[in-house]
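The values are calculated or read from the model by the stated rules, or taken from the named source; none is laboratory data. Worth saying up front: this structure is predicted, and the values here are computed from it rather than measured. With ideal geometry, Cβ positions are generated from the backbone for all residues, glycine too; neighbour counts draw on all protein chains shown. Surface areas here come from the heavy atoms of the whole protein model, side chains and all, with no ligands, DNA or RNA. Shrake-Rupley method; radii C 1.70, N 1.55, O 1.52, S 1.80 Å.
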Amino acid sequence: MATQGVTRRDILKTLAMGAAGGSVLQIIPAEAAAYVHQVVHKEKAASAAGKYAPRYFSARQYEMLTSLCDSIIPKDDHSGGAVEAGAPEFIDLLTSENEAYQLRLGGGLQWLDSFCIDRYGQTYLECAPEQRREVLDRLAYRKNARQDPTLSQGVAFFAFLRRLTCDGFYTSKIGIADLHYIGNTALGEFPGCPPMPEA
Amino acid sequence: MLQVMGSPQVYDVCVVGSGAGGGMAAKILTEGGLSVAMLEAGPPLHPEKDFKMLMWPYELPHRGAGVGGQAVKDFGEFLAPNGAWTIAGEPYTSAPGANFQWFRSRIVGGRTNHWGRIALRFSPVDFQSFTRDGLGADWPIGYEDIAPYYDRVESYIGVFGTKENVSSAPDGVFLPPPKPRCTELLVKKACDRLNIICIPSRMAILTRALNGRPPCHYCGQCGRGCTTASNFSSSQVLIPPAMQTGKLTLITGAMAREVLVGKDGKAEGVSYIDKTTRTEKRIRARVVVLAASACESARLLLNSKSAAFPDGLANSSGTVGRYLMDSVGSDGWGMFPQLEKMPPHNHDGTGGMHMYIPWWKFDRTNDFPRGYHIEMGGGREMPGVGMFNHLCHHEEGYGLSLKSRARQAYGTGIGFAGRGEMIPNPDTYCEIDPDLVDQWGIPVLRFHFKWSEYELRQARDMQETFRAIVEMAGGEYMTKTDIDGPYPYGILEGGKIIHEVGTARMGADPKTSVLNGYCQAHDVKNVFVTDGAPLATNPDKNPTLTIMALAWRASEYLLDEAKKGNL
């Protein structure tokens, strides 16, 4: 890949300008973006045992985030899950750049621990698998918050995280293959619609 | 004393803006032998590097969400606008209750790099609106005046479509259309049963090689910009031939501030801020063509105050900034369980729709004036951020059930977008904000905007039609809209459709219009405007094709008048 003339400094400057909102440098040259991607990969490989070093979350919060992503989209017979697809890294990256996400997710994880301590006398990660399932079964539906208003912040937090986890998963190689998307390629002619199976 | 840097050279023409209107003017004028200096407020464009064609979401660290997830509301970071609803350091304001959204692109080619490529002709009745129903204004020109230029623009840029003989959607010079997608066949069948006209769309995308440009490769990503120039953009199709004449000087990073006027009351150039050095510079020219986008050109005219023109240039009528119109927009979508059975297949096609619904109720009385067309999308598109927002919200849950539902529901949604004609009203205009300048020291625009009952009724009709089509096609209509509040029936905020036009309208009467039928200012003979500002009405057809046809016609007139020594 040609990276001559593009320094990491240039790229980070471009990204930072983009963060200011619609700056004239908002277009990130494809080449530069691919380069950043490669750098992230290299950093990941170079750190201890290839472990990703979170930008925003503390090690313990990141472990919680990872566990939640895994529960939201687990691996199955078809494909790997959200963790394998890099959803926690993606969420951590966006959160490191957005104060609203920091409140929603950082605060939400804290809320989840308090909720578990109140209920089970231990943090979310210390809870047994069936206790965690019980918690998520309650947080995963708005109707539970209507019955028990003390859940409403937790339900909102979970909905936000579920959306981001889906974004992280379905923009990954694994997630795109899971949907059997076919395309993003150059064709000579567009083939049109294949015959519809009989109802 | 600080000296303003000015080139000693006097150009024949200074064109402000490099989008559809500016690019077309530069091409025709340079090919006609004139020297042109073009000012562009953004940076140069390098399609091979800047366009993200054929990239996967996972090739970007932000996966298309942009830094901090901020790009989601601006169409995602794969698109090629280089600008958005907000630009750092270049604000605009809205009067209380107006909430106008102004989309600007700062880049060579402007918004043509990412636009939807929908290329629809206005119809003969669109030029006689006032005669027709007593609303708005008639144009000073008719369909017969612009038709030859539609022919030329279509032949040059390449537009696919079919001859259909529908009076609201005149036929043009068309390349063959691509085959319909499954989702479009489903909609077409339902429309046939509802007596709604549904025909191949008309898009500025090549289905055959044309003028040295290769045909489309059907990746479905026109909005990202096309590295092979198989769709139309000013940056790749208009600027290069202008450059080849050797007559075009393109100056990027140049934020136009004011049209300079001489003692004789004629324009003699443009002053601009060089963004790199933050210094004021000047271009001297015999003629000035504004094509900075409708509102940006209005801003320039209003900011060009002089002793001879105390209310701004070309504004003796007081109508610069008035008659601002966007398209009426309301969207909806349905889910079609029968699509779950479709085998996985390539659904990409060209960017945007292969079929659409032109205005079809022109033969009856409706409870709103004028009309709208319907665009469609959806199906097995490339997954991206936000694709399962609805599923997450609607069905909730988590784990294996969520994952298998996403797999099942993928590709079964079809979206509809109604785009209709707004009637100009006295509460909708832009003016100079008395309190604020941008980071270049240039006074900014303040917007006033209001939808009237006409537009709200149109939006209601759109929602009813979407529902009828979805239900006839055996789907479930998913969109819920409110009747009350500032945006009833899902009508979008003004500006959101990015069809803002009319702010320096053409007309026969200099007391009620800014320009004549050749886009030439009534008050100042050597000033022309060739973006969306001259449009006297904003029919339900996306304005870009008409902007280019008008720009071509205006440029030929300009060449002719220059030859005669009339400018």
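The lone criterion from (1) outside any helix (DSSP H, G or I); (2) open to solvent by 10 Å² or more (accessible area, probe 1.4 Å); (3) at pLDDT 95 or above left unmet by residue B:3 is number (3). Among residues of the range B:330-371 being in contact (Cβ under 8 Å) with a residue 24 or more places away in the chain, among the acidic types (Asp, Glu) and open to solvent by 20 Å² or more (accessible area, probe 1.4 Å), the one that is nearest to residue B:80 (Cα to Cα) is B:331. Only one of B:382, B:376 is closer than 25 Å to residue B:207 by Cβ and part of a loop (DSSP other than H, G, I, E, B); which? Sole residue among the options that is closer than 25 Å to residue B:207 by Cβ and part of a loop (DSSP other than H, G, I, E, B): B:382. Pairing residues of the range B:61-78 that are closer than 17 Å to residue B:383 by Cβ with residues that are part of a loop (DSSP other than H, G, I, E, B) and of a type in the set (Phe, Trp, Tyr), at Cβ distances under 8 Å and at least 6 apart in sequence or on separate chains, gives B:64/B:78. Within the range B:385-425, being in a helix (DSSP H, G or I) and touching a Leu at 6+ places or on another chain (Cβ under 9 Å) holds for B:391, B:392, B:395, B:402, B:405, B:406, B:407, B:409.
For the range B:33-55, the set of residues classified as crowded, with 18+ Cβ neighbours inside 10 Å and either more than 26 Å from the chain's Cα centre (by Cα) or more than 26 Å from residue B:88 (Cβ to Cβ) (or both) consists of B:34, B:35, B:36, B:37, B:53, listed by residue number.
Residue A:122 satisfies every condition listed in (1) outside any helix (DSSP H, G or I); (2) closer than 23 Å to residue B:390 by Cα except (2). Take the conditions surrounded by fewer than 18 Cβ atoms within 10 Å (Cβ to Cβ) and farther than 30 Å from residue B:60 by Cβ and apply them to residue A:152. Does it pass? Answer is yes for this residue. Given B:304, B:271, B:233, which one is hydroxyl-bearing (Ser, Thr, Tyr), more than 22 Å from residue B:102 (Cβ to Cβ) and touching a residue at least 40 places away in the same chain (Cβ under 8 Å)? Only one candidate passes the filter, namely B:271. Of the strands (runs of 3 or more DSSP E) contained entirely in the range B:212-320, those carrying at least 1 residues that are farther than 19 Å from residue B:11 by Cβ fall at B:279-290.
Quick check on residue B:79: is it open to solvent by 10 Å² or more (accessible area, probe 1.4 Å), over 30 Å from residue B:554 (Cα atoms), assigned to a loop (DSSP other than H, G, I, E, B) and of a type outside the set (Ser, Thr, Tyr)? Spelling it out, residue B:79 is indeed open to solvent by 10 Å² or more (accessible area, probe 1.4 Å), over 30 Å from residue B:554 (Cα atoms), assigned to a loop (DSSP other than H, G, I, E, B) and of a type outside the set (Ser, Thr, Tyr).
Residue count for the range A:52-71 under the criterion of being in contact (Cβ under 8 Å) with a residue 12 or more places away in the chain, in a helix (DSSP H, G or I) and either under 20 Å from residue A:97 (Cα atoms) or charged (D, E, K, R) (or both): the result is 9. The set of residues in the range B:93-107 that are open to solvent by less than 40 Å² (accessible area, probe 1.4 Å), within 20 Å of residue B:321 (Cβ to Cβ) and in a loop (DSSP other than H, G, I, E, B) comprises B:95, B:98, B:100, B:101, B:102, B:103. Mind listing whichever residues of the range B:29-82 are facing chain A (nearest Cβ under 10 Å) and among the aliphatic types (A, V, I, L, M)? The answer is B:41, B:45, B:53, B:54, B:55, B:60, B:65, B:67, B:71, B:72, B:79, B:80. Of all residues in the range A:182-193, those that are at the interface with chain B (Cβ under 7 Å from one of its Cβ atoms) have Cβ atoms under 6 Å from Cβ atoms of residues that are polar (S, T, N, Q), 6 or more apart or on another chain, in A:182/B:346; A:183/B:346.
Residue B:154 meets the conditions (1) open to solvent by 10 Å² or more (accessible area, probe 1.4 Å); (2) over 21 Å from residue B:376 (Cα atoms) in every case but one. The failed one is (1). Among the residues of this structure, residue B:341 counts as one that is among the basic types (Lys, Arg) and within 14 Å of chain A (Cβ to nearest Cβ). Name the residue that is farthest from residue B:350 (Cα to Cα), counting only residues in the range A:158-167 that are open to solvent by less than 10 Å² (accessible area, probe 1.4 Å) and more than 7 Å from chain B (Cβ to nearest Cβ). In this case the residue turns out to be A:158. Cβ separations smaller than 9 Å between residues 6+ apart or across chains give the following pairs from the range B:281-292 residues that are farther than 22 Å from residue B:320 by Cβ and touching a residue at least 24 places away in the same chain (Cβ under 8 Å) to residues that are of a type in the set (S, T, N, Q) and outside any strand (DSSP E or B): B:286/B:526.
Number of residues in the range B:480-505 that are touching a residue at least 60 places away in the same chain (Cβ under 8 Å), open to solvent by less than 20 Å² (accessible area, probe 1.4 Å), farther than 23 Å from residue B:548 by Cα and touching a helix residue (DSSP H, G or I) at 6+ places or on another chain (Cβ under 9 Å): the value is 1. Could you list, in sequence order, the residues of the range B:307-318 that are at pLDDT 95 or above and open to solvent by 10 Å² or more (accessible area, probe 1.4 Å)? Once the filter is applied, which keeps residues that are at pLDDT 95 or above and open to solvent by 10 Å² or more (accessible area, probe 1.4 Å), the range B:307-318 yields B:309, B:310, B:311, B:315, B:316, B:317, B:318.
Among the residues making up the range B:211-227, those that are buried (at least 17 other Cβ atoms within 10 Å of the Cβ) and without any contact (Cβ under 8 Å) to a residue 60 or more places away in the chain are B:213, B:215, B:217.
Here's the yes/no breakdown for (1) within 30 Å of residue B:77 (Cα to Cα); (2) surrounded by 14 or more Cβ atoms within 10 Å (Cβ to Cβ):
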| site | (1), (2) |
| --- | --- |
| A:138 | no, yes |
| A:143 | no, no |
| A:174 | yes, yes |
| A:185 | yes, no |
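If you go through the range B:508-550 and keep only what is assigned to a helix (DSSP H, G or I) and touching an Asp or Glu at 6+ places or on another chain (Cβ under 8 Å), you end up with B:545, B:547.
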